[in-house]
Every structure is written in C-alpha cells, then in structure tokens.
Amino acid sequence: MRCLKKKMSQVFSLTQRYKRTLQVMAAGVFLIYMTLVLYQNVYGYSSGSNGQELQYGPADPAVAAAAAAVAEPQNVIAKRDNSVNSVIGNSHVINSVSSSSGQRAGVGGPPASYPTRFDKSYYDYQNGQLSVTGTPKPPTTELDDLLISVKTTKGYHDTRLEMITKTWYQLAKEQTWFFTDTNDQHYQKLTNGHMVNTNCSQGHFRKALCCKMGKEYEFFLDSAKRWWCHFDDDNYVNVPRLVRLLDEYSPTQDWYLGKPSISSPLEIFLDNTKSSTEVNKKVTFWFATGGAGFCISRALALKMLPIASSGKFMAIGDKIRFPDDVTMGFIIEHILNVPLTVVDAFHSHLEPMEFIRPETFHDQVSFSYARMKNEWNVVKVDGFDLKTDPKRIYSLHCYLYPFFSICPKTIKRR
C-alpha cells in the first residue's frame, strides 16, 4: 500500500511538471505572436480592406503569365498576333458626350489585370507566393518611366531639332528619341545615339506619317517604359509638367491622353467588303492631334499589340485613308473602345498661342508654333529679340528655366 502511494505521488508530480512545461510553451507562443503583430503594425504589411490578402500560388496561370511578362518582356513582344482579322469591319461607335470636368464620359477603360513590371505598391512576394494586394495603389511616375518620341524629317534637322536639343531635350536626354528618315551623324552624336532612322519615306503625307508612328509604337513596345508620349518636332515639351501629369494616372490602366483639334468627333465612312448591307458604314470617334502630342499607357499599348504591331498600324492607316494621329484615334477609340481623355495642357499650332498667358506657362505640357500668312503663331513672351528667336522657343525655355547657359542674364528667374 505504501509502495502504491509512492508511485501515485510520482505520477502526480510528473503531471504537474508537464502542465508547467505546457504553460511555459503557451506563454512563449503568445509572446511570439504578439511580437509578430507589433512588427506587422510597425512595418505595415500589405493587406486588403478587410485585413486579408488575395493569395495566388505560383501555379495560378494568370499570375504565372504576369510574372513571365515581368521577367522577360521580350517574350510578350515575340508573341505578337500577326492577323488584323476583321476588327475594322466589326467595330462600333462610342459615346462622345463630354463631362463637366473636361474629360470624356467613360474615361479610363477597364484596368489591366496586372502591371507589366513589378511595383512594390502592387505586388508582394511572401513565403514563396506572389500575392496581389486587395487595394493596389497606383504607381508613382518618374521621368525614367517615360519614352518620349519626336517625329521629324531630314529637312528639319538643322532648324527644329537644333532648337529642341538646346532647350527641353536637355531635361530628358535619356528618355527622348528622335524618329527620322535618314542617317545624320551630327545629331546621332549630339543625342548620344538617340536618332532612329525609320527608313520611312521623307515627306508629310499619310504613308510616311503612319510608317513613322508605327515605328515609334513598336519601339515603345520593345522598351520597359510605362508611358509613351509622342510629340512633333515643332513642339516644346515642358518635361517636369509632363511627369506630374502622368503621375495622376496609372500605367496599368488604359489611358489615351491628349487633346483634339476639332470641335466634334470625326466621322468617316468605311468600305466593308464582308457585308454588302454595310457598305460605307459611318464611324464616329475622337482623336488626339499629333501636333499637340499625346500619351499612351503601357496597358493600352499592350492591348493594341495584335491590332497595330508588325506593320499593321500602317495597314490600318491605308484602310481608312487618314494620317497617323487619326489612325491612332481610330484604333484606340473605335476598335478598342477606350475613350480619349482630354487634357487642355497640350497645345498645337492649330490654336492661337498668344492666348496662353505667361503666368500659366508652368502648368502647360506642350507648346507649338507656325507661320500663318505673314505672322508667326507663337506664345507672347519676353526674352530674345524677334530676329534671333522668331518662334519664341528659346525665350519660352528661358522663361521657364532661366538658369540655362543659353539664357540672357536679364531674364528674371521664375
């Protein structure tokens, strides 16, 4: 009996020790949990609106495709669709009603499923899984996110290109490329190899213009840039303002930014050879005039890929018999049903430059100039004398950035 009591006492003693051990382990786990919670609150792990994340494993085909596009963007380009099919004949007309905010109704289009490159505000890579946050924050746009293309021709190298390379180009040397129709060793060296000979025809006619625009578009596709902004060689581009503008939009969504040069949507008639009942079908759409410049997000450019890449942009221009900027509007607005977002800060030579007040120059994205009859359509700004600077580009640049060495010391700093 005494022996039994001794054994029972040992068992109870063992149970008490196990209990204490379990209590210590529980306390340790609780401390580790609280430490992780505090760490999460301090460093802010990405989460959705309900405190949870949408988790996608590496086997998810959509995520795998997005990751492949990020890792090897050339794979996307190599898989371009080589058939236009019947998109021209089967497209429809969009609503052209304007909103009071100055933007078209329905602006923006559907967001792209995933960005074309990793962005910390959109993606997190945790525990071997790619997780997409429930409420992605639009990425912050920087100058290096842009590809700025300037369309020019041999006859304007020594006049228009000279002005550009001495002024606004200095603010975006690495991001700006010139698309021309000849080899020019002088400007090739001056721009550090940023002259692209498109081998398109010289001249200002539809085929030459569409040829160059198609080359610009494909050049952007081959880059890793988030935004493509096209300008003509008679544009002055306010680079810092352009970057601030694009920072208001997400390159992972469909954006077509610019300004039309006409007061109502363009109406054209298409010859539809597939249906005798739809011959001369009327199509209505807006387009951003190339003379003021326009910008296209990477998401939209990728959506255009099966329609406009590999020379098909020029083919569509031939089909509708309109120049490059109209063709661009036709593809984006009519075929893809993505409305133009009107940005009044873009300006072409088709509007009176003198009405742009100097105190608003910093707020404008682009300016232009033209010879109208016996007068220059130019901005009214002090600076160089009219004989030295009849187009007022140098004076405009020095008004905005008087610290440049080309600027007279008498110009006040702005």
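Below is a table of values for the structure above.
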{"item": "Conditions (1) surrounded by fewer than 20 Cβ atoms within 10 Å (Cβ to Cβ); (2) under 29 Å from residue 307 (Cβ atoms); number of the one not met by residue 354", "result": "(2)"}
{"item": "Condition met for residue 371 (at pLDDT below 95 and in the same structural domain as residue 200 (by TED's automatic domain parsing))", "result": "no"}
{"item": "Yes/no for residue 192 being modelled with pLDDT of 95 or more, out of contact with any strand residue (DSSP E or B) (no Cβ under 8 Å at 6 or more places or on another chain) and under 21 Å from residue 145 (Cα atoms)", "result": "yes"}
{"item": "Flag if residue 261 is assigned by TED's automatic domain parsing to the domain that holds residue 150, surrounded by 16 or more Cβ atoms within 10 Å (Cβ to Cβ), closer than 16 Å to residue 340 by Cα and in contact with a Ser or Thr (Cβ under 6 Å, 6 or more places away or on another chain)", "result": "yes"}
{"item": "Positions within the range 236-273 being part of a strand (DSSP E or B) and small (Gly, Ala, Ser), in sequence order", "result": "258"}
{"item": "Any chance residue 252 is polar (S, T, N, Q) and in contact with a Phe, Trp or Tyr (Cβ under 8 Å, 6 or more places away or on another chain)", "result": "yes"}
{"item": "Every residue from the range 267-295 that is modelled with pLDDT of 95 or more and within 15 Å of residue 316 (Cβ to Cβ)", "result": "285, 287"}
{"item": "Subset of the range 299-344 that is among the polar types (S, T, N, Q) and buried (at least 20 other Cβ atoms within 10 Å of the Cβ) - its residue that is nearest to residue 218 (Cα to Cα)", "result": "327"}
{"item": "Residue in the range 223-235 that is more than 27 Å from residue 397 (Cβ to Cβ) and either touching a strand residue (DSSP E or B) at 6+ places or on another chain (Cβ under 6 Å) or not in a loop (DSSP other than H, G, I, E, B) (or both) present", "result": "no"}
{"item": "Odd one out for residue 177, checked against (1) surrounded by fewer than 22 Cβ atoms within 10 Å (Cβ to Cβ); (2) touching a Lys or Arg at 6+ places or on another chain (Cβ under 9 Å); (3) in a strand (DSSP E or B)", "result": "(2)"}
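Rundown of residues vs (1) assigned to a helix (DSSP H, G or I); (2) of a type outside the set (Gly, Ala, Ser); (3) outside the structural domain of residue 364 (by TED's automatic domain parsing), yes/no style:
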position	(1), (2), (3)
284	no, yes, yes
292	no, no, yes
295	no, yes, yes
301	yes, no, yes
306	yes, yes, yes
319	yes, yes, yes
329	yes, no, yes
332	yes, yes, yes
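Residues checked against (1) small (Gly, Ala, Ser); (2) more than 20 Å from residue 200 (Cβ to Cβ):
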residue: 233; (1), (2): no, no
residue: 260; (1), (2): no, yes
residue: 311; (1), (2): yes, no
residue: 317; (1), (2): yes, no
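The values are calculated or read from the model by the stated rules, or taken from the named source; none is laboratory data. What you see is a predicted model, and the numbers here were worked out from it, not measured in a lab. Glycine also receives a Cβ, built like all others from the backbone with ideal geometry; neighbour counts cover every protein chain displayed.
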